[in-house]
Every structure is written in structure tokens, then in C-alpha cells.
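Here's the structure we're looking at; comments come further down.
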Amino acid sequence: MNGLLISIPGGDKWLMTQELAKFTLRLDLHRLFRYAKVKGNTLVFVFSHPAGVQEFNLSKPYILDKMRVFYKDKLETFKILDIKFTQIHSIVIIPHGTNQGTLKQNLDYTEKATGNFRINCANPTLKKNFEDIQEAIKKRRHEKTRQ
């Protein structure tokens with residue numbers, strides 16, 4: 001037994017999937033990320049909070065670009081381990097015994113909207129709606145900075 005390395009069936013595949021997922025996610029998502037798994041033809045990213053899924057969905061183009069880079073570098077390994085998927089998806093799994101109140105206390109989410117955007121709308125009603133949204137974002141952001 002001395003010097004023998006025992007390989008768990010599927011373990012290498014699992015580790016490569018985790019490495020791919022962590023490489024593709026932005027650093028701010030790492031604390032919300034739990035694991036990734038290939039289910040059918042979909043790579044599923046599992047998060048511990050809904051904010052992780054929201055940010056994942058907003059970052060899909062970035063994630064796909066990073067995936068292409070990673071896949072190109074590790075092409076042989078992916079072929080050997082037979083890791084194949086054509087879609088990516090994200091879900092939330094809240095740990096058993098954790099309530100939403102505890103999650104809100106432990107995970108702080110910073111809103112990224114600033115309200116600084118151009119409104120290129122010819123319809124006066126829609127333009128007014130966008131201006132109201134812009135004002136609400138700026139007002140909320142200002143209130144948060146005062147706290």
C-alpha cells in the first residue's frame with residue numbers, strides 16, 4: 001500500500017468540473033458558490049444564496065468566455081474524462097436548518113446599479129418611467145451611502 005494512489009471513480013471528473021467552475025466565476029461569487037455538476041447536457045452551478053444565481057445570470061457572457069479559455073487549455077483532459085455539456089444553468093440550495101433570516105445576516109449584497117444611464121426613448125410616457133426608475137436608484141444609493 002505504500003506509495004499507492006487510490007482513485008475514486010468519477011473523482012477526477014468531479015475535481016475538473018469544480019476547477020472549471022471556480023475559474024469561470026468572478027471572485028465575488030466564490031463565497032456564494034457551493035459546487036458544480038454535470039447533469040445531462042447541462043453544467044449546473046449551485047449557489048447557497050439567491051444573489052449568487054442573480055449575479056451568475058448577469059455574468060453569463062463573461063462566464064462563457066472564461067469557459068472557452070479554460071476548455072481550450074484543458075481540451076485533452078476534458079476528452080479523457082468525457083466531460084461534455086452544451087448549456088449552463090444555476091440554482092440555489094439553501095443548507096438544511098438555515099433560514100432566510102440567517103442568510104440575510106451573513107451574506108451582504110452590494111447593489112451595483114448607480115442610476116447613471118442615458119434614456120434614449122422617444123415615447124414620453126416610457127421616458128418618464130425610465131426617469132422615475134433612474135431617480136429611485138440614485139435616491140436609494142444616496143441613502144445607503146449616508147448610513
Next on the checklist: So ARG31 ticks every box in (1) touching a Leu at 6+ places or on another chain (Cβ under 8 Å); (2) surrounded by 14 or more Cβ atoms within 10 Å (Cβ to Cβ) but one. Which box is left unticked?
Outcome noted: (2)
Item to check | Residue count, segment 38-61 (criterion: farther than 9 Å from VAL92 by Cβ and outside any helix (DSSP H, G or I)) | outcome: 9
Next on the checklist: Given the condition modelled with pLDDT under 85 and either in contact with a Ser or Thr (Cβ under 8 Å, 6 or more places away or on another chain) or not hydrophobic (A, V, I, L, M, F, W, C) (or both), answer yes or no: does some residue in segment 77-94 qualify?
Outcome noted: yes
Item to check | Those residues of segment 37-60 which are within 11 Å of the chain's Cα centre (by Cα) and either without any contact (Cβ under 8 Å) to a residue 40 or more places away in the chain or outside the structural domain of ILE94 (by TED's automatic domain parsing) (or both), in sequence order | outcome: VAL53, GLN54, GLU55, PHE56, ASN57, LEU58, SER59, LYS60
Item to check | Index of the failed condition, ASP73 passing every other in (1) crowded, with 16+ Cβ neighbours inside 10 Å; (2) within 22 Å of ASP12 (Cα to Cα) | outcome: (1)
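The values are calculated or read from the model by the stated rules, or taken from the named source; none is laboratory data. Predicted, not measured: the structure shown is a model, and the values here were computed from it. Don't worry about glycine lacking a Cβ; one is built from the backbone with ideal geometry, like all the others, and counts go over all protein chains shown.
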